[in-house]
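Working notes, structure below.
The values are calculated or read from the model by the stated rules, or taken from the named source; none is laboratory data. Everything numeric here is computed off the predicted structure, so don't read it as measured data. Neighbour counts run over all protein chains shown; Cβ positions are idealised from the backbone, glycine included. Accessible surface areas use protein heavy atoms only, side chains included; no ligands, DNA or RNA. Shrake-Rupley method; radii C 1.70, N 1.55, O 1.52, S 1.80 Å.
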Amino acid sequence: MTTKLFKTGLSALAMSTILGGSAWADEVSYVIGAVGNAVQVLEEMVKPWEEQTGHTVKIVTMPASTSDQFAQYRLWLAAGTTDIDLYQTDVIWAPQLADHFVDLTEAAKDVLPQHFPSIIESQTVDGKLVAMPLYTDAPALYYRKDLLEKYGKEVPTTWEELAATAQEIQDGERAAGANDLWGYVWQGNAYEGLTCDALEWVKSFGGGQIVEADGTISINNENAAKAIDTAASWVGSISPPGVLSYQEEESRGVWQTGNAVFMRNWPYAYALSSGDDSAVKGKFDVAPLPSGGEGSAATLGGWNVAVSKYSDNQDAAISLALFLSSAEGQKFRALESGHLPSISALYEDAEIAEKVPLIPRWKEVFESAVPRPSAPTKGKYNEVSAKFWSAVHETLSGNGTAAENLELLELDLEDVKGSAW
């Protein structure tokens, strides 16, 4: 299946590599975070490229935490290491790491029109295309359709409805012996994932986007405080106390063993939840995240592939980057991992629609998704995000109210900003 899927696109890429002068085989190293089945999918994806180009790929795995990945990337790149040729990068990292990556504009010029312009724009810094899109991302509300039907409940469209429904089903199922069942699992650890979750709460309550597009620090407001206090009320009631240490995989673990009514997670969890080893196979569906009164909000995510300017194997690395971001590569990833393509035509693909019905339904969601404030804060985004998730985590942990912690956060962000971002 893999070879057949990639055959046409890969042949052209292999030929261009040969004509470009790579007459010998290179080993290119590719660094990736170990989330879900990402590493296994990548291992399968690169096999046809290896066979037809003669090159080989060494996969370097990183912790699942995006914050840990980013910290290590910065160390490697600051040192100018030649040990890593390609970096799999979060959508928000482009402005911070751009100086270390090869400009792919010329190499990718023929395929760029296939991708959503906003995604290409997100990876373009000062006119330089620093990474090719692998997939885009927007989270969903996963729900147990069997349990909602059993209790005669509709899919919640507000956070208030979600809390009430989760509590009723949790109480009912525990009374029937399901003592490990929780109403709602999400990502509450103090890391980048909490910035994503909390931005959704805040935006859906009308509390802004932490830092607005013009650079204004907006987070210290009543709506934002209400949103975060609301989430804090879930901890220990409909969400386990341990949710404060959950990242994506911990949430999925509880959900996929059948021990949650609702889960907030990214599309990758859809295919895994539908696997033969999943306790919720055939029992769940997805919907937009609830609203706090100002509409649903889903944080824009997505991952890309960048070529290190310190690489000694740039031709081969560029060839692999183009291959992985191609329509063939993105279709394979969509079918195997449930990831949302950045190539518009794939949302009309019949095979994808049949196997991963989430994808065609999610086109409108991610097109109107909420970006994290990496563009206005530029190189200071990582510090801004860390201060935000820390303030939120303090509130969720019961250390001060949201209003108190957001007031302190505003002062911290003003210090980070200085005279300008």
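Please enumerate the residues belonging to the range 6-32 that are surrounded by 19 or more Cβ atoms within 10 Å (Cβ to Cβ) and either at pLDDT 90 or above or not assigned by TED's automatic domain parsing to the domain that holds G338 (or both).
D26, V28, S29, Y30, V31, I32
Checking L358 against (1) outside the structural domain of E212 (by TED's automatic domain parsing); (2) touching an Asp or Glu at 6+ places or on another chain (Cβ under 8 Å), only one condition comes out false. Which one?
(2)
Among residues belonging to the range 42-65 that are of a type in the set (A, V, I, L, M, F, W, C) and crowded, with 19+ Cβ neighbours inside 10 Å, point out the one that is nearest to G329 (Cα to Cα).
Looking at residues that are of a type in the set (A, V, I, L, M, F, W, C) and crowded, with 19+ Cβ neighbours inside 10 Å, I get M45.
Looking at the range 98-116, can you tell me whether even one residue there is surrounded by 14 or more Cβ atoms within 10 Å (Cβ to Cβ), part of a strand (DSSP E or B) and touching a helix residue (DSSP H, G or I) at 6+ places or on another chain (Cβ under 8 Å)?
There is at least one residue in the range 98-116 that is surrounded by 14 or more Cβ atoms within 10 Å (Cβ to Cβ), part of a strand (DSSP E or B) and touching a helix residue (DSSP H, G or I) at 6+ places or on another chain (Cβ under 8 Å).
Quick test for you: out of S311, S325, pick the one residue that is hydroxyl-bearing (S, T, Y), buried (at least 20 other Cβ atoms within 10 Å of the Cβ) and either under 17 Å from the mean Cα position of the chain (by Cα) or not assigned by TED's automatic domain parsing to the domain that holds V111 (or both).
Criteria check complete, one pass: S325.
Quick one: is A163 at pLDDT 95 or above and open to solvent by 40 Å² or more (accessible area, probe 1.4 Å)?
No, not satisfied.
Find the residue count for the range 389-406, including only residues that are part of a helix (DSSP H, G or I) and either in contact (Cβ under 8 Å) with a residue 12 or more places away in the chain or farther than 18 Å from V243 by Cα (or both).
Number satisfying all stated conditions: 12.
Out of (1) in contact with a Lys or Arg (Cβ under 7 Å, 6 or more places away or on another chain); (2) open to solvent by 20 Å² or more (accessible area, probe 1.4 Å); (3) free of Cβ contacts under 8 Å to residues at least 60 places away in the same chain; (4) part of a helix (DSSP H, G or I), the odd one out for P95 is which?
(3)
List, please: which pairs have Cβ atoms under 6 Å, are six or more places apart or on different chains, and start with a residue in the range 136-162 that is under 17 Å from G338 (Cβ atoms) and end with one that is assigned to a helix (DSSP H, G or I)?
The qualifying pairs are T136/I119; T136/F366; A138/V365; A138/F366.
Looking at the range 74-100 only, could you name the residues that are in contact with a Phe, Trp or Tyr (Cβ under 9 Å, 6 or more places away or on another chain) and within 21 Å of W421 (Cβ to Cβ)?
Within the range 74-100, T89, D90, V91, I92, W93, A94, P95, Q96, L97, H100 meet the criteria.
Does A353 qualify as being crowded, with 21+ Cβ neighbours inside 10 Å, among the aliphatic types (A, V, I, L, M) and either part of a helix (DSSP H, G or I) or free of Cβ contacts under 8 Å to residues at least 24 places away in the same chain (or both)?
The answer is no for A353.
Can V280 be described as under 19 Å from N259 (Cα atoms), open to solvent by less than 50 Å² (accessible area, probe 1.4 Å) and at pLDDT 95 or above?
For V280, the condition - under 19 Å from N259 (Cα atoms), open to solvent by less than 50 Å² (accessible area, probe 1.4 Å) and at pLDDT 95 or above - is met.
Return the residue satisfying two criteria in turn: it lies in the range 226-263 and is among the small types (G, A, S) and open to solvent by 10 Å² or more (accessible area, probe 1.4 Å), and of such residues it is farthest from W201 (Cα to Cα).
Selected residue: G258.
Mind checking which residues of the range 312-346 are out of contact with any strand residue (DSSP E or B) (no Cβ under 8 Å at 6 or more places or on another chain) and in a loop (DSSP other than H, G, I, E, B)?
Once the filter is applied, which keeps residues that are out of contact with any strand residue (DSSP E or B) (no Cβ under 8 Å at 6 or more places or on another chain) and in a loop (DSSP other than H, G, I, E, B), the range 312-346 yields D312, S326, G338.
Mind checking which residues of the range 174-203 are part of a helix (DSSP H, G or I), in contact with a Leu (Cβ under 7 Å, 6 or more places away or on another chain) and touching a residue at least 60 places away in the same chain (Cβ under 8 Å)?
E200
Can you name every residue in the range 69-92 that is assigned to a helix (DSSP H, G or I), more than 24 Å from D26 (Cα to Cα), in contact (Cβ under 8 Å) with a residue 24 or more places away in the chain and out of contact with any Gly (no Cβ under 7 Å at 6 or more places or on another chain)?
Across the range 69-92, the qualifying residues are F70, I92.
Residues to consider are A420, A386; find the one that is surrounded by fewer than 21 Cβ atoms within 10 Å (Cβ to Cβ) and either under 16 Å from the mean Cα position of the chain (by Cα) or part of a loop (DSSP other than H, G, I, E, B) (or both).
Values: A386 fails: either under 16 Å from the mean Cα position of the chain (by Cα) or part of a loop (DSSP other than H, G, I, E, B) (or both).
Result: A420 is the single residue among A420, A386 that is surrounded by fewer than 21 Cβ atoms within 10 Å (Cβ to Cβ) and either under 16 Å from the mean Cα position of the chain (by Cα) or part of a loop (DSSP other than H, G, I, E, B) (or both).
Among (1) surrounded by 24 or more Cβ atoms within 10 Å (Cβ to Cβ); (2) outside any strand (DSSP E or B), there is one condition Y142 misses while meeting the rest; what is its number?
For Y142, the exception is condition (2).
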